[in-house]
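Reading through the structure tokens given below for one structure.
Just so it is clear, none of the values below were taken in a lab; they were calculated from the coordinates. Values in this document were obtained by computation on a predicted structure and should not be read as measured data. A quick note on method: Cβ atoms are made from the backbone with ideal geometry, for glycine too, and the neighbour counts reach across all protein chains shown.
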């Protein structure tokens, strides 16, 4: 288990459901990230938070809503998702040196299936 | 648009073989090139390369960056079955917040 934890590890939801993904890092980092990994596609950066402020929103549909209450916790709220949103959602954090830091530490991911 | 391309997409070798994985990038405001290994879920960090021509080494793995030709290679010598994984290459831009990933190379090492 890494210093970045994610819950739940697996989630199945219907298109009308509302659910949330949680990420927690115990590494003292100040930047946190959400990525989406679909089959046979590169990791796609979704959101970046630095010191709880959102600094990047990579054209993500509004049905994905991030929340970062503090530097250790990051949420991804999901509502009215589509089947094509089924993917592995990875959270990462990076150290506070040189601004954002270079090396990102990843959590184990949440495997999301939208029916 | 920033782009990272890895090749080959998949590779099957026998234990003891040496492999070279390739990564080319087109990234505005390039800062560093990172390599990750993804076995099941979470990618784990291998190398970060910022300077051209300086080889980084960790055990049987080594990597080098060519900023003139915009590519990097990852070498694995004397491969073992435990090296089987997807190897991801990612380019970091200067703000430090955006990592653009390639599709990955699926390496399978057979006994």
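In table form, for the structure just shown:
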read-out	value
Qualifying strands (runs of 3 or more DSSP E) (wholly inside the stretch A:30-115; at least 3 residues being in contact (Cβ under 8 Å) with a residue 12 or more places away in the chain and at the interface with another protein chain (Cβ under 10 Å from one of its Cβ atoms))	A:31-37, A:44-50, A:87-94
Qualifying residue in the stretch B:35-42 (condition: buried (at least 16 other Cβ atoms within 10 Å of the Cβ), away from chain A (no Cβ under 14 Å) and over 15 Å from residue B:19 (Cβ atoms))	no
Residues (in a loop (DSSP other than H, G, I, E, B) and within 15 Å of the chain's Cα centre (by Cα)) located in the stretch A:4-28	A:8, A:9
Positions within the stretch B:1-16 being outside any strand (DSSP E or B) and farther than 15 Å from residue B:86 by Cβ, in sequence order	B:1, B:2, B:15, B:16
Criterion (over 19 Å from residue A:37 (Cβ atoms), surrounded by fewer than 17 Cβ atoms within 10 Å (Cβ to Cβ) and within 14 Å of chain A (Cβ to nearest Cβ)) met by exactly one of B:69, B:93	B:93
